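Heads up: the structure comes next, in structure tokens.
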Amino acid sequence: MDPDPKKSKFLPSNLLNSNGSSHPQSLFPDEVLEKVLSLIDSHKDRNSVSLVCKDWYNAERWTRSNLFIGNCYSVSPEIVARRFPKIKSVRLKGKPRFSDFDMLPRDWGANVHSWLVMFAKAYPFLEELRLKRMTVSDQSMELLAKSFPHFRALSLSSCDGFTDDGLKAITTHCGNLTELDIRDSVTVDVGGGWLSCFPEDFSSLEILNFSSLNSEVSFEALEKLVSRCRSLRVLKVNESITLDQLQRLLVHAPLLTELGTGSFLQELTPRQYEDIESAFGNSKNLQVLSGLWDATSFYLPVLYGACSGLTFLNLSDAVLQSGELAKLLAHCPNLRRLWVIDTVEDKGLEAVGSSCPLLEELRVFPVDPYDLDHRHGVSEMGFLAVSRGCRKLRYVLYFCRRMTNAAVVTIVQNCPDFTHFRLCIMNPRQPDYLTNETMDEAFGAVAKTCTKLRRLSVSGLLTDTTFEYIGKYAKNLETLSVAFAGSSDRGMQCVLEGCPKLRKLEIRDCPFGNAALLSGLKKYEMMRSLWMSSCNLTMKGCRLLAREMPRLNVEVIKDKGSDEIQADKVYVYRSVAGPRQDAPPVVLTL
Amino acid sequence: MGMSKETELELGLGLSLGNSGGGGGVGVVGKGKGSAWGEYGRILTAKDFPNGFSSGRSGNGGGTKRERAAAAADCVDEGSASAAVSQVVGWPPIRAYRMNTLFNQSKTTSNADQQDKGVGGDENNENSKKKINHGNDERGHLGFVKVNMDGLPIGRKVDLNAHKSYETLAKTLEEMFFKPSLTTRGGKEQPIQPPKLLDGSSEFVLTYEDKEGDWMLVGDVPWGMFLNTVKRLRIMRTSEANGLAPKFQEKSEKQKGKPI
């Protein structure tokens, strides 16, 4: 749509809008409409608003300041710049989620640079940039650091491509920085020198998270920084920071609401132990706690004083046993979110059930994904115990080695409000370990009972029946992840035909072929993306899809050594930008 | 598994190593991949590797990692025993970052000693593939170890899983600590040519602390054994490596005697 020049319409006599039809809304002067619309934050609402009529489209585009793009290839920087003139904050997502598990080739794409070049021209007043699964080079960081005088917040989640040099540019030049948040970053060892590059008088930082960078930083520089930044409320350090160093930081920042500790293992003198204990005791505002590498039963008690207000406890870096967890949780009655490692076992999860009645989210990660030490982690018993004590549970991510249909049925009866149900039975195609049946009934129960379900990950031995259930009952489902499941094309078809709100579908190692792929022709334009790898797709099927649906990008990545016919990895997404120009040679755009 | 290429390697070392995958790490083992192993068990000097390696958990997606995974899958198919789960790329769906940390921790905090496993699997998806590639299956000390250099206040970490041999490790460390472009590290003036940490010709030597708390010269024991016992690394001034000197001299004599 061509941008209309901004017109001022004071006189209600202008009853006809530019479409030539009479419309009551055109009685509003632009200023009023814009004022009202500027109060709308949700991008989904704004997208709806923009569809009402041309006036509303224009008013909306002039008042949008937050830009959210869920797939950086669905639109081009130029199109965005033309449509939205006043963007101050950007959220961009790049690679498909399976890139987290090394399923994409290097240099696949999602490089932010071309976006930054456009932002530098079109949005010189840019303040915030939040990226997920994108490649950010040092050059891009330098461009970012030097192009936006009002820049305040940089958040990088699962990003790669940068080194110490890029971060140095940010810390050196962004004088108004309030937020630097780097998480789950997949990168080569990034040195720690960037922290020392904040200017001596820099004091605006409110959020600092470098927990996923694994190099030492200068503690001296960190301590000075923390003591200067009086508004610091989120501090997440990396493992190189010791307990006694942490204590000194806490003393400088008693108002922290979120803390990520460093290593929790250190030989402390009794005096030091007391000091750290009292530092935690003084941290009355703590709501979120993470880090805790190497925490043991000896040192965990120093935390207790800070736990009463905790709502989110992230123990996913702390290898704890059930007893240690139980003792800790006894001090955390207000917990809403808990992440743990499966060394706590079912017994530890029983403690969760009994200590955390307000719990809404639980994630259990395996310490040993390949089970080489033959540990057993958690089972259906632990999950059951949590469901009995935590009736408000709505988000679960659960890695286990055994599960039963009966347990899952009971669990969702106890907790029918699940919005996110991600169950990963780690051995592919594993049946119900008691009855040896498929796990169809388990996921059928989830689909049927959890009417608010938005995200589902299935696992275990599953036939098409599971997908029939999902298609039939999961009417609010937006994201579905499937691996090693299904018996025929019909499975995938049921989902494509049945789930009206489906946006993201990711499938690997399933017997779904071209017929299944093509059954979703009409659907894919209403979705963000489809990923299928190691299924039964062929190049022919993919080419057909690409030909039929010109507004979809169909990208195929062939594995080494595979034949001419197989389409090993297929990524399909809607786009108004056409096929992308930056795909590496190994990615074929059809 | 690539061992047959050893003799070729001894001659063509400088040429064939280092460029495979363009910085994606150590070259791939395997059927006709065209990349080479580091010398297995023989210590080389930095000058043999003009183009160097990159270290760490290069998680930039990973064309080379995928290649390694594919190679590993091939090797596994050739009959190495391994658990079903560890054969599959990207499964279980755990972020590489998280897997490194978790598994490494459980090894350092649990009382059980590190066990040797037939599978040689690993916390990292991509690294598990490399482990399966290994002829010997010693698991060794997994993940990142700290590296400190005399004179530098800030240490680094290096991912031992990204290496299959001393040479690649030495090269990585040389690049990390002696890179000409790094002039600000500790204010040292860096030499243009990275010094050789392993052959005693530079001002620094590479040492490590083992499980028993002793400081040893790197390169004395087979790589797999080294992995099993190393706790952390230190780039020490040669002048300070006195206590280690006898071994050191023995070693360089041994080296001279080794067929090349």
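Given the conditions (1) open to solvent by 40 Å² or more (accessible area, probe 1.4 Å); (2) touching a residue at least 40 places away in the same chain (Cβ under 8 Å); (3) within 14 Å of another protein chain (Cβ to nearest Cβ); (4) not hydrophobic (A, V, I, L, M, F, W, C), and given that A:Gly161 satisfies all but one, which numbered condition is not satisfied?
(1)
Tell me, please, whether a residue that is out of contact with any helix residue (DSSP H, G or I) (no Cβ under 9 Å at 6 or more places or on another chain) and crowded, with 22+ Cβ neighbours inside 10 Å can be found in segment A:424-437. Spell out how you get there, then give the answer.
Filtering segment A:424-437 down to residues out of contact with any helix residue (DSSP H, G or I) (no Cβ under 9 Å at 6 or more places or on another chain) leaves A:424-425, A:429-431, A:436.
Now restrict to residues that are crowded, with 22+ Cβ neighbours inside 10 Å: A:424-425.
Yes, because at least one residue in segment A:424-437 is out of contact with any helix residue (DSSP H, G or I) (no Cβ under 9 Å at 6 or more places or on another chain) and crowded, with 22+ Cβ neighbours inside 10 Å.
So, of the residues in segment A:34-48 that are surrounded by 12 or more Cβ atoms within 10 Å (Cβ to Cβ) and touching a strand residue (DSSP E or B) at 6+ places or on another chain (Cβ under 9 Å), which turns out to be farthest from A:Leu92 (Cα to Cα)?
Restricting attention to segment A:34-48, the residues satisfying the condition of being surrounded by 12 or more Cβ atoms within 10 Å (Cβ to Cβ) are A:34-38, A:40, A:43, A:45-48.
Those left that are additionally touching a strand residue (DSSP E or B) at 6+ places or on another chain (Cβ under 9 Å): A:43, A:46.
On the way: A:His43: 13, A:Arg46: 17 Å.
This residue is A:Arg46.
Look through A:Asp275, A:Asp294 and report the one residue that is of a type in the set (D, E, K, R), within 18 Å of A:Leu246 (Cβ to Cβ) and within 14 Å of chain B (Cβ to nearest Cβ).
Numbers: A:Asp275 fails: within 14 Å of chain B (Cβ to nearest Cβ).
Result of the check over A:Asp275, A:Asp294: A:Asp294.
Go through segment A:405-426 and give me each residue that's within 14 Å of another protein chain (Cβ to nearest Cβ) and within 18 Å of A:Met381 (Cβ to Cβ). So that I can check it myself, show each step before the final result.
Keep residues of segment A:405-426 that are within 14 Å of another protein chain (Cβ to nearest Cβ), which gives A:422-426.
Correct list: A:Leu423, A:Cys424, A:Ile425, A:Met426.
Could you list all residues from segment A:443-468 that are open to solvent by 10 Å² or more (accessible area, probe 1.4 Å) and either touching a Leu at 6+ places or on another chain (Cβ under 7 Å) or under 16 Å from A:Ile411 (Cβ atoms) (or both)?
A:Ala445, A:Lys448, A:Thr449, A:Thr451, A:Lys452, A:Arg454, A:Ser457
Does A:Thr261 qualify as being under 21 Å from A:Ser203 (Cβ atoms), modelled with pLDDT of 95 or more and open to solvent by less than 60 Å² (accessible area, probe 1.4 Å)? Working first, answer last.
Working: under 21 Å from A:Ser203 (Cβ atoms): no; modelled with pLDDT of 95 or more: yes; open to solvent by less than 60 Å² (accessible area, probe 1.4 Å): yes.
Criteria not met by A:Thr261.
Is it fair to say A:Ser308 is within 14 Å of another protein chain (Cβ to nearest Cβ) and of a type in the set (Gly, Ala, Ser)? Quick ask: steps written out before the conclusion?
On the way: within 14 Å of another protein chain (Cβ to nearest Cβ): no; of a type in the set (Gly, Ala, Ser): yes.
No: the conditions fail for A:Ser308.
Do any helices (runs of 4 or more DSSP H) lying entirely in segment A:62-154 carry at least 2 residues that are at pLDDT 95 or above and farther than 20 Å from A:Asn47 by Cβ, and which ones are they? Steps first, please.
On the way: elements: A:77-83, A:113-122, A:138-147.
Result: A:113-122, A:138-147.
Looking at segment A:229-241, which of its residues are of a type outside the set (A, V, I, L, M) and surrounded by 17 or more Cβ atoms within 10 Å (Cβ to Cβ)? Break it down into steps so the answer makes sense when it comes.
Pass one, segment A:229-241, residues of a type outside the set (A, V, I, L, M): A:229-231, A:233, A:236, A:238-240.
Answer for segment A:229-241, where residues must be of a type outside the set (A, V, I, L, M) and surrounded by 17 or more Cβ atoms within 10 Å (Cβ to Cβ): A:Cys229, A:Arg233, A:Lys236, A:Asn238, A:Glu239, A:Ser240.
Quick check on A:Asp275: is it open to solvent by 30 Å² or more (accessible area, probe 1.4 Å), acidic (Asp, Glu) and over 24 Å from B:Lys157 (Cβ atoms)?
On the way: open to solvent by 30 Å² or more (accessible area, probe 1.4 Å): yes; acidic (Asp, Glu): yes; over 24 Å from B:Lys157 (Cβ atoms): yes.
Judged against the criteria, A:Asp275 is a match.
Restricting attention to segment A:74-97, does a residue exist that is within 18 Å of the chain's Cα centre (by Cα), open to solvent by less than 20 Å² (accessible area, probe 1.4 Å), within 17 Å of A:Val576 (Cβ to Cβ) and away from chain B (no Cβ under 14 Å)?
Yes.
Identify, from the list B:Gly243, B:Gly224, B:Gly219, the residue that is under 14 Å from the mean Cα position of the chain (by Cα), modelled with pLDDT under 85 and assigned to a helix (DSSP H, G or I). Working first, answer last.
On the way: B:Gly243 fails: under 14 Å from the mean Cα position of the chain (by Cα); B:Gly219 fails: assigned to a helix (DSSP H, G or I).
After ruling out the rest, the residue left standing is B:Gly224.
May I ask you to list the residues in segment A:165-185 that are open to solvent by 20 Å² or more (accessible area, probe 1.4 Å), part of a helix (DSSP H, G or I) and not hydroxyl-bearing (Ser, Thr, Tyr)?
A:Asp165, A:Lys168, A:His173
Go through (1) more than 21 Å from A:Asp342 (Cβ to Cβ); (2) touching a Gly at 6+ places or on another chain (Cβ under 9 Å) and name the single condition A:Gln430 misses.
(1)
In segment A:427-443, is there at least one residue being on the phi > 0 side of the Ramachandran plot, more than 14 Å from chain B (Cβ to nearest Cβ) and more than 21 Å from the chain's Cα centre (by Cα)?
Let us first name the residues in segment A:427-443 that are on the phi > 0 side of the Ramachandran plot, namely A:429, A:436.
Add one more test, that the residue is more than 14 Å from chain B (Cβ to nearest Cβ), and what stays is A:436.
Then drop every residue that is not more than 21 Å from the chain's Cα centre (by Cα), which leaves A:436.
Scanning segment A:427-443, I find at least one residue that is on the phi > 0 side of the Ramachandran plot, more than 14 Å from chain B (Cβ to nearest Cβ) and more than 21 Å from the chain's Cα centre (by Cα), so the answer is yes.
A:Ser203 passes all but one of (1) among the small types (Gly, Ala, Ser); (2) within 11 Å of another protein chain (Cβ to nearest Cβ); (3) within 26 Å of A:Leu289 (Cβ to Cβ); which number fails?
(2)
Somewhere in segment A:544-554, is a residue out of contact with any helix residue (DSSP H, G or I) (no Cβ under 9 Å at 6 or more places or on another chain) and of a type in the set (Val, Ile, Thr)?
Of the residues in segment A:544-554, the ones out of contact with any helix residue (DSSP H, G or I) (no Cβ under 9 Å at 6 or more places or on another chain) are A:546-547, A:550.
Of the ones still in play, those that are also of a type in the set (Val, Ile, Thr) are none.
No - not one qualifying residue is present in segment A:544-554.
Condition first: more than 13 Å from A:Ser76 (Cα to Cα) and touching a Ser or Thr at 6+ places or on another chain (Cβ under 6 Å). Now tell me which residues in segment A:101-120 satisfy that.
Quick first cut of segment A:101-120, residues more than 13 Å from A:Ser76 (Cα to Cα) only: A:101-109, A:120.
The answer is A:Ala120, and nothing else.
So A:Val446 ticks every box in (1) in a loop (DSSP other than H, G, I, E, B); (2) touching a strand residue (DSSP E or B) at 6+ places or on another chain (Cβ under 6 Å) but one. Which box is left unticked?
The failed condition is (1).
Scanning segment A:206-221 for residues that are surrounded by fewer than 23 Cβ atoms within 10 Å (Cβ to Cβ) and more than 9 Å from chain B (Cβ to nearest Cβ), which turns out farthest from A:Val288 (Cα to Cα)?
Out of the qualifying residues, it is A:Ala221.
What number goes with the only condition from (1) within 22 Å of A:Cys174 (Cβ to Cβ); (2) under 28 Å from the mean Cα position of the chain (by Cα) that A:Leu259 does not pass?
(1)
The values are calculated or read from the model by the stated rules, or taken from the named source; none is laboratory data. None of these values were measured; they are calculated from a predicted model. Here the Cβ is made from the backbone with ideal geometry for all residues, glycine too, and neighbour counts use every protein chain on show. We work out accessible area using only protein heavy atoms, side chains counted, and drop any ligands, DNA or RNA first. Shrake-Rupley method; radii C 1.70, N 1.55, O 1.52, S 1.80 Å.
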